[in-house]
């Protein structure tokens, strides 16, 4: 079963809910919304609508990342070394508690941990990842791990060891693995990309017979139209 959605609401929520059954929320990555806002998102969506949560950047990203500019309360300079990279610090632990609380309110089953391209599989980083995922409670949730620029041989054994759903590049031979397949369509070469029907069909052909759950989430500049295209091709069965 292939579930199609976008990384963020690209149209009004009601209109989006009419067409898609899942969305990957981006705002909680940059700045956690209030509990009131989160509650309104949950109550305003159909009961069977699924929210996927992108973990707060304080867990995954170094404070040198430009994404930190969107924080309402800037990080003090003397504490900046305590954030990001899954570090075993109180700051990262509290950031996880915030993400966990958001997931509880949204009834989110899937949480995506996306890393910046500078986060490499060094011994220190691997040790931090193991310590982080070894301590956090799952509560039946699926954790998706998406590093940037890692090789499959570096990612797959780690995901198997820690029971993570791994995601690298949807067009690699074996790019997604784990208890679910989570495919993030972030654009070839960058955000400003429009997928062709042939490229979308290639993803459908790869995963349409998968016995498990498959999520295909578009995160490119043309995400809404590309998601509509995939839904149409799935519904018509026209894969060329």
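Within the stretch 136-149, residues that are without any contact (Cβ under 8 Å) to a residue 40 or more places away in the chain and at positive phi sit with their Cβ atoms under 6 Å from residues that are in a loop (DSSP other than H, G, I, E, B) and loosely packed, with under 15 Cβ neighbours inside 10 Å, at 6+ positions apart or across chains, in these pairs: 149/117.
Going by what's in this entry, would residue 59 be described as in contact with a helix residue (DSSP H, G or I) (Cβ under 9 Å, 6 or more places away or on another chain) and modelled with pLDDT of 95 or more? Considered against the rule, which asks whether it is in contact with a helix residue (DSSP H, G or I) (Cβ under 9 Å, 6 or more places away or on another chain) and modelled with pLDDT of 95 or more, residue 59 comes out as yes. Within the stretch 162-169, the presence of a residue that is more than 23 Å from residue 111 (Cα to Cα) and out of contact with any strand residue (DSSP E or B) (no Cβ under 7 Å at 6 or more places or on another chain) is excluded.
The residues of the stretch 22-44 that are free of Cβ contacts under 8 Å to residues at least 60 places away in the same chain, touching a helix residue (DSSP H, G or I) at 6+ places or on another chain (Cβ under 8 Å) and under 22 Å from residue 182 (Cα atoms), listed by number, are 23, 30. Checked against (1) closer than 22 Å to residue 33 by Cβ; (2) touching a strand residue (DSSP E or B) at 6+ places or on another chain (Cβ under 8 Å), residue 133 passes all but condition (1). In the stretch 7-21, the residues that are free of Cβ contacts under 8 Å to residues at least 40 places away in the same chain and at negative phi reach residues that are part of a helix (DSSP H, G or I) and surrounded by 14 or more Cβ atoms within 10 Å (Cβ to Cβ) with C-beta atoms within less than 6 angstrom, at least six apart or across chains, in these pairs: 9/16. Only one of the numbered conditions (1) part of a helix (DSSP H, G or I); (2) surrounded by 14 or more Cβ atoms within 10 Å (Cβ to Cβ) is violated by residue 124, and that is (2).
Every test in (1) under 25 Å from residue 125 (Cα atoms); (2) surrounded by 14 or more Cβ atoms within 10 Å (Cβ to Cβ) is passed by residue 160 save one, and that test is (2).
The values are calculated or read from the model by the stated rules, or taken from the named source; none is laboratory data. These figures come from a predicted structure and were not determined experimentally. In this analysis, Cβ positions are derived from the backbone assuming ideal geometry, glycine residues included, and neighbour counts consider all displayed protein chains.
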